[in-house]
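Q: The structure that follows is given in the form of structure tokens.
The values are calculated or read from the model by the stated rules, or taken from the named source; none is laboratory data. As the structure is a computational prediction, the values presented were derived from the model and not from experiment. Here the Cβ is made from the backbone with ideal geometry for all residues, glycine too, and neighbour counts use every protein chain on show. Accessible surface areas use protein heavy atoms only, side chains included; no ligands, DNA or RNA. Shrake-Rupley method; radii C 1.70, N 1.55, O 1.52, S 1.80 Å.
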Amino acid sequence: MSLLTRTKQANIMRVLVATGVNLAVLTGGCATTRDIASPTDHITLDKPVHFSAPNGDDVVAASGSYTIDQHDRTSLLFSPREAAASTAPLIVAAVALPHEQPVESRVALSVPNGEDEHHVVLLLPDGKGLDAGGTYSGTRSRGTTIPPLPMVQLNAAFLQKNGAHQHR
């Protein structure tokens, strides 16, 4: 193969690579804000937590990272991230939790409460939020809900996550 042919092939490869990079940038720019996970919309569970499904059945969120989103007005969607990505998303029952936090996009919080209780809270920009309470042990009467996280703990968890996010 001549030097001229190799040079032409190298130039063609450069053009193809540049075109691919441009397409990736352009198609990424067309995604909606909802399609792009923000660093504040995910949580990590250090150990499994038992939640209630909307129908009252037990749903176990394994330890790992999850993106949290509102499924409907009374439930959250836990979508596994990274290593747990092969696991199906979970729909978890939640209660309304109004808040006064200054959020511009959804913020998910993972908050232990006592020895056996754990809350996953999703704060939305409109002052609304959802709180899914669960237990590590799985012991809870069927059909009962865990009371929402006390506002003092919610505020502390928000400040901790907000401070950690700003220092990245």
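Q: Using θ = phi - 60° and the Karplus form 6.51 cos²θ - 1.76 cosθ + 1.60, what ³J(HN,Hα) does each residue of the range 89-98 get, whole Hz, x for Gly and Pro?
A: Working through the residues one at a time gives x, 10, 10, 10, 5, 9, 10, 5, 9, x Hz.
Q: With all protein chains present and a 1.4 Å probe, how do SER63, SER52 order by accessible area, largest first?
A: Numbers: SER63 60, SER52 25 Å².
The residues order as SER63, SER52, largest area first.
Q: Want the number for ASP46 to VAL152: 0.36 nm per residue separation, take away the alpha-carbon distance, what's left?
A: Working: separation 106, 0.36 × 106 = 38.16 nm, distance 2.25 nm.
Here the segment from ASP46 to VAL152 would lengthen by 35.9 nm.
Q: A further question follows. Considering only the other residues whose Cβ falls under 15 Å of the Cβ of LEU109, what net charge follows from Lys and Arg at +1 and Asp and Glu at -1?
A: -3
Q: Compute the length gained on full extension between LEU124 and GLU82: take 0.36 nm times their separation in residues and subtract their Cα-Cα distance, giving the result in nm to one decimal. Please list the in-between numbers first.
A: Values: separation 42, 0.36 × 42 = 15.12 nm, distance 2.41 nm.
My answer for the length gained is 12.7 nm.
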